[in-house]
Amino acid sequence: MITEHPYAPLNGPADFASRLAAAEDWTYAALEARQEGRWTPTETEGPVLADIVAATNPLHGGHLPPYTGTSVYVRLGRIGNWAGVLRLAARAGGWELRPVVGTDPSSLTRPFGAADLLSGIYALAEQGEQWQRLMLATVADLHASARDRPSRRPLEKALEERAPGFARELAAAEAFFTGPGTLEDLPSYLGPTPPSPVDTLSA
C-alpha cells in the first residue's frame, strides 16, 4: 500500500532547476540581510531555526554528498524530512509558507524574515516529497512485475528511467542540504553574531 502525502505542492508544477534556484536565491538573500543588518532573527526565529537543523540531522557520519553508497530510501528521506519539519516550524513561529519559485527576493517590499527563508528552503524540500512518492510508486511496480517475472533491476535505475536526470538532481539537492557550509550550519550563519561576508552557503 502506498502512503499518500497529504500536502499538495505549494509551488505548483515547478521543475527541479527552478526549485533549486529559488532555494539558493532565498537562502543567500537571508544571509545577505543578516550580514547587512537588515534582518536580526528574533527571540522566536533563532531557536526555531536551530530546532530545524536539529530535527533534520542527516546522520551521514561526516561524509560529503553525493551519498551514492547509501540506500536511495535514506537519501530521499533526508530531503523529504525537511518539508515536514519546515511546516511544523512555520506553525510554531506563526508564519505562513508561500510559493517563491520564480520570484526574486529583491521584490520584497518589507523587511526579510524567517518565513521568507523557510519558504525558499521549502521549495526544494517539496521536491523531496515528490521524489518519495515517485519512489513508492516505482517500488510498487517493481514488486508487481516481480510476481510475474523476477527482476534484478536496481531501484535507482528504475527511478532514472522514470525521471531522467534523477541521480544528478538528487546529488544537487544533497549538496544544498548537507555537508560543510550548507543548511547544516544554519544556526551559525544566523546566530547572535552576523557571519562574515566571505561565509556563504555552498551551491
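A short reminder: the numbers here are calculations on the coordinates, not readings from a lab. Please read all numbers here as calculations on a predicted model, not as lab measurements. Glycine gets a Cβ as well: all are built from the backbone with ideal geometry, and neighbour counts include every protein chain shown.
Miscellaneous remarks
- Volume of the convex hull of segment 11-53 (Cα atoms only), normalised per residue: 95 Å³.
- With the gyration tensor restricted to C-alpha atoms of segment 49-123, the semi-axes of the equivalent ellipsoid amount to 27, 14, 11 Å, longest first.
- Hydrodynamic radius of segment 1-120 per Kirkwood, over alpha carbon pairs, in Å: 15.9 Å
- You can think of it this way: the chain between E43 and H143 has 31.0 nm of extra reach, that is 0.36 nm per residue less the Cα-Cα gap.
- Between E160, E45, E32, the GNM of the chain built on Cα springs shorter than 10 angstrom shows E160 fluctuating the most.
- In percent, rounded to a whole number, the relative contact order of segment 1-105 is 50, using alpha-carbon pairs under 8 Å and six or more apart.
- Ordering of 75-87, 176-188, 49-61 by packing is 75-87, 176-188, 49-61, highest average first (other Cβ atoms within 10 Å, averaged per residue).
- Looking at segment 1-68, the chymotrypsin sites (Phe, Trp or Tyr not before Pro) that sit in a DSSP loop and have at most 15 other Cβ atoms within 10 Å of their own Cβ are Y7.
- The order of the peptides 96-102, 112-118 by mean Cβ neighbours within 10 Å, most packed first, is 112-118, 96-102.
- Spherically averaged projected area of the chain from its Cα convex hull (nm²): 12.0 nm²
- R91/R153 FRET efficiency (R0 45 Å; Cβ-Cβ; nearest 0.05): 0.65
- Sites E161 and L59 - FRET efficiency at Förster radius 30 Å, r taken between beta-carbons, to 0.05: 0.55
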